[in-house]
Amino acid sequence: MTKTARPKTDEKAADEGGRTNVTFMPGANPPARRKRRSRAWVWLPVVAILAGAGYYGWRAYAPAETTTAIITQSVTRGDIENAVTAVGTLEALNSVDAGAQVSGQLKALHVAIGDTVTKGQLLAEIDPATIENRMEINRAELANLQAQLVSKKAQLDFKQANITRQRNLVAGNAAARQALDQAVADLAAAEADVNATEAQIRKQQATLAGDEVDLGYTKIYAPMAGTVTANPVKEGQTLNAVQSAPTIVTIADLSTMTVRAEVSEADVGRLKVGMEAYFTLLGQPGKRFAGTLRQIEPSPTVENNVVLYNALFDVPNPEGELMMSMSAQVFFVQAAARDVLVVPAGAVSAKRGEGGKVEVTVVTASGAQEVRQVETGIRNRVSVEVKSGLAEGDKVVVSAGDGKASGSGGRNSGRGMRMPPMF
């Protein structure tokens, strides 16, 4: 009789957690569903990592959406000029150094820096004692020579009388011819002595006259009216005028100032004598001091291999606000216009059409853009004069560039960067 095998029940499995009991048939293998389900959970972290890496790569390397940013500016009315700029210094139009022509100790100085002096005013005195002593010696020498001249002339008169006597004796055969010849020679020597003494007297008189001139040089007078701008020596200082005349004071006429501007060799060709020029000061940037270009010096100065030419123009200084050696920002005006329409230089196209007109992009009231042909005038690095084609208040496009859409900054910032390893 065949016996039927009963399935065995896993009672332990039924008791834990109230789960359904599993019945195993004899000779059958356990089910594989549980093992496959457990392997699927192992791959879930890997899938998540790959998904995160893909999203990061998309954020970092996806093409960014772009928009166009437009910068506009209104057409305004104002002044415009095209000028050559340079840096200059102020100096007096007329100045002179009052110096010492004789050596000696500076006995007195009657002026100070900043004093206003008139022509012929006494400025300083040098001790005259040395010159006065020399003059006394020369006077005595002159008196000695004059006394010698009297003696020499007396000898000359005697020699002349002697020759007359010798001639009479020779004529009466009372004396030898030799005596007459000696008398003639003595007369010639006496005349030479008189002439030599007279020459020495003239020389001594000239020396004495020179001493008197030097004595006058011990007092220094102002050669012109003006203001004392420099005083390099002091009272009591010994002056040596043998090699060169030492300067005691410098006098300058500050009523008219000269601007000495240094212009580069690239710009000096744009300058013309007679053109309008003006400058501003560091302390008064809003005030202009105007003049006319007077001279361009032909000889340049070279500083650090840079060739600079001096351009000079004069400006009045009635109030005395301009001083020596002030720094000036100089402008030489080539062309200028007042109360005209002006647009930024960046709004004007470099292309020129018919009649020399250029293109300007205008934004209309509706927001649309249109290109207009514009006639221009004076142009500099900042602005351009508009003669026709635009009206005051029109908005012109100054520049247009690519901008990034909102939220794309993170994408753009990731370009060019290496993505770090995810696992």
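For region 225-239, taking the residues that are assigned to a strand (DSSP E or B) and open to solvent by less than 60 Å² (accessible area, probe 1.4 Å), the one that is modelled with the lowest pLDDT is identified as LEU239. When LEU149, LEU145, LEU106 are screened for being outside any helix (DSSP H, G or I) and surrounded by 15 or more Cβ atoms within 10 Å (Cβ to Cβ), only LEU106 passes. Which one of these does GLN284 not meet: (1) modelled with pLDDT under 95; (2) outside any loop (DSSP other than H, G, I, E, B)? GLN284 satisfies all of (1) modelled with pLDDT under 95; (2) outside any loop (DSSP other than H, G, I, E, B) except (2).
Name the residue, out of VAL330, VAL302, that is open to solvent by 50 Å² or more (accessible area, probe 1.4 Å), part of a strand (DSSP E or B) and more than 30 Å from THR72 (Cα to Cα). None of the other options fit; the residue is VAL302.
Report whether or not TYR278 is among the aromatic types (Phe, Trp, Tyr) and over 30 Å from GLU319 (Cβ atoms). Even if it seems obvious, please write down each step before you answer.
Values: among the aromatic types (Phe, Trp, Tyr): yes; over 30 Å from GLU319 (Cβ atoms): no.
Here the answer is no, as TYR278 does not meet what is asked.
Taking region 122-141 as the range and being open to solvent by less than 60 Å² (accessible area, probe 1.4 Å) and among the polar types (S, T, N, Q) as the test, only ASN138 passes. For region 240-258, a tally of residues being over 36 Å from the mean Cα position of the chain (by Cα) and buried (at least 19 other Cβ atoms within 10 Å of the Cβ) returns 0. Scanning region 200-224 for residues that are within 22 Å of GLN155 (Cα to Cα), open to solvent by 40 Å² or more (accessible area, probe 1.4 Å) and either assigned to a strand (DSSP E or B) or not basic (Lys, Arg) (or both) yields a total of 1.
For (1) surrounded by 11 or more Cβ atoms within 10 Å (Cβ to Cβ); (2) farther than 30 Å from VAL268 by Cβ; (3) touching a helix residue (DSSP H, G or I) at 6+ places or on another chain (Cβ under 7 Å), each residue gets a yes or a no:
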site	(1), (2), (3)
GLU319	no, yes, no
ARG338	no, no, no
ILE378	yes, no, no
SER388	yes, yes, no
SER399	yes, yes, yes
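Answer yes or no: is there a residue in region 341-350 that is in a strand (DSSP E or B) and open to solvent by 70 Å² or more (accessible area, probe 1.4 Å). No, region 341-350 contains no residue that is in a strand (DSSP E or B) and open to solvent by 70 Å² or more (accessible area, probe 1.4 Å). Residues satisfying the criterion are present in region 266-281 (criterion: touching a strand residue (DSSP E or B) at 6+ places or on another chain (Cβ under 7 Å), free of Cβ contacts under 8 Å to residues at least 40 places away in the same chain and among the aliphatic types (A, V, I, L, M)). For region 242-260, the count of residues that are of a type in the set (Ser, Thr, Tyr), in a strand (DSSP E or B), at pLDDT 90 or above and out of contact with any strand residue (DSSP E or B) (no Cβ under 6 Å at 6 or more places or on another chain) is at least one.
Go through region 269-328 and report how many residues are among the charged types (D, E, K, R) and under 17 Å from the mean Cα position of the chain (by Cα).
So in region 269-328, the residues among the charged types (D, E, K, R) come out as 270, 272, 276, 287-288, 294, 297, 303, 314, 319, 321.
This time we only want the ones that are under 17 Å from the mean Cα position of the chain (by Cα), so: 297, 303.
Matching residues across region 269-328 total 2.
Is it the case that VAL194 is more than 30 Å from VAL242 (Cβ to Cβ), part of a helix (DSSP H, G or I), out of contact with any helix residue (DSSP H, G or I) (no Cβ under 8 Å at 6 or more places or on another chain) and not acidic (Asp, Glu)? Here the answer is no, as VAL194 does not meet what is asked.
State which residue is nearest to SER388 (Cα to Cα) when the search covers only region 355-371 and only residues that are of a type in the set (D, E, K, R) and surrounded by 10 or more Cβ atoms within 10 Å (Cβ to Cβ). Only one residue fits best here, namely LYS357. Name every residue in region 271-296 that is among the charged types (D, E, K, R), surrounded by 13 or more Cβ atoms within 10 Å (Cβ to Cβ) and touching a Phe, Trp or Tyr at 6+ places or on another chain (Cβ under 7 Å), in order of residue number. Within region 271-296, just ARG294 meets the criteria.
Return the only residue of THR250, THR218 being closer than 27 Å to ALA100 by Cβ and touching a helix residue (DSSP H, G or I) at 6+ places or on another chain (Cβ under 7 Å). Sole residue among the options that is closer than 27 Å to ALA100 by Cβ and touching a helix residue (DSSP H, G or I) at 6+ places or on another chain (Cβ under 7 Å): THR218.
The values are calculated or read from the model by the stated rules, or taken from the named source; none is laboratory data. The structure presented is a predicted model; accordingly, all values stated were derived computationally and were not measured. With ideal geometry, Cβ positions are generated from the backbone for all residues, glycine too; neighbour counts draw on all protein chains shown. Surface areas here come from the heavy atoms of the whole protein model, side chains and all, with no ligands, DNA or RNA. Shrake-Rupley method; radii C 1.70, N 1.55, O 1.52, S 1.80 Å.
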